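The values are calculated or read from the model by the stated rules, or taken from the named source; none is laboratory data. Every value quoted in this text rests on a predicted model; they were computed, and no experiment measured them. So basically every Cβ, Gly included, is an ideal-geometry build from the backbone, and we count neighbours across all protein chains shown.
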């Protein structure tokens, strides 16, 4: 991507995102005023809670990492025209597979291969679950949306059967807390994990390179335009469907491992936290533009952290329900999608008008050949 094209992409994204953000903020302000709250004081508490302290900033970054991983994988499938709605189940299976090793680690274990093995097994679990959805599509002609939704429910029930059955510890449906050697290393007194940041950054850069700098990325884009046309041009579409889905599932499984080893430090119901669906929303929000995925993931990660701070405030004039943060996220995504649709339609009409052929000029009649002289009897003479 050259500098001019990058500049046009950034300008186009800003032109859509900033007005949409202003509209959503105005909507939230009206809701708070109708509830008798102080929007200015709530906004100040929101920003200071999310960005005003090292712990808040660390929570924002750590919240964004699983979203970034899911969205990075979804860039591959959405580029190929695959609606991988089953990413939420892939996150759950990644957490389950990670727990297979994590629950067996003792506080005295010191092997350096514990965490790599946990994360690798989590990626395997997510990849296998996504591969199942891909196989249903390839050989069973099951749309990936329906297959993904069904597998999401199955993954949740597998999780519940484990935490209510053989893995249950105590009175609640959850495993015992993982031992310290099984957890991702983090900074002292902060949830910030440099190792997790590095892993997520590398995963995103790999996906970005695949889409921008490889032949397979070009083939995925061709499939996104028309799978049948790509097949007729020699693209092995079945293999690309399977590989893109499994790679997306591997990154989602890695996100599930992060959730289990960083946030919950155990396996419990709702371990995914909806981050799979948040990854879907991020990709739709940026219109499958990879360069915008990290900043949008950070932006959306601010919302749950800041909202939690406002919800825990003691002052009644700024205290709100946590659900208002979900309203903000959903409204922002909806308005941006509508703005993108309107913009694309306007641009499509403009391009159609500019590409329309000009009316052809009226052709001059062919010259009339000179009359051939004739005899008085009407016979044509031949010179």
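Observations, loosely collected:
- A single entry from 126, 131 fulfils the requirement of being within 19 Å of residue 227 (Cα to Cα) and modelled with pLDDT of 95 or more: 131.
- The one condition in (1) at pLDDT 95 or above; (2) under 23 Å from residue 135 (Cα atoms) that residue 257 fails to fulfil: (2)
- Some residue of region 105-114 being in a helix (DSSP H, G or I) and surrounded by 20 or more Cβ atoms within 10 Å (Cβ to Cβ): no
- Count - residues of region 41-83 that are buried (at least 18 other Cβ atoms within 10 Å of the Cβ) and modelled with pLDDT under 85: 5
- Only residues that are under 16 Å from residue 274 (Cβ atoms) and at pLDDT below 75 were counted in region 292-323, giving 2.
- Selected residue [under 17 Å from the mean Cα position of the chain (by Cα) and more than 19 Å from residue 143 (Cβ to Cβ)] from 195, 200, 222: 200
- For region 253-287, taking the residues that are part of a loop (DSSP other than H, G, I, E, B) and within 17 Å of the chain's Cα centre (by Cα), the one that is farthest from residue 186 (Cα to Cα) is identified as 287.
- Helices (runs of 4 or more DSSP H) contained entirely in region 147-252, each with at least 3 residues that are in contact (Cβ under 8 Å) with a residue 60 or more places away in the chain and surrounded by 14 or more Cβ atoms within 10 Å (Cβ to Cβ): 194-213, 215-225
- Qualifying residue in region 301-310 (condition: surrounded by 20 or more Cβ atoms within 10 Å (Cβ to Cβ), under 22 Å from the mean Cα position of the chain (by Cα), under 29 Å from residue 224 (Cβ atoms) and touching a residue at least 24 places away in the same chain (Cβ under 8 Å)): yes
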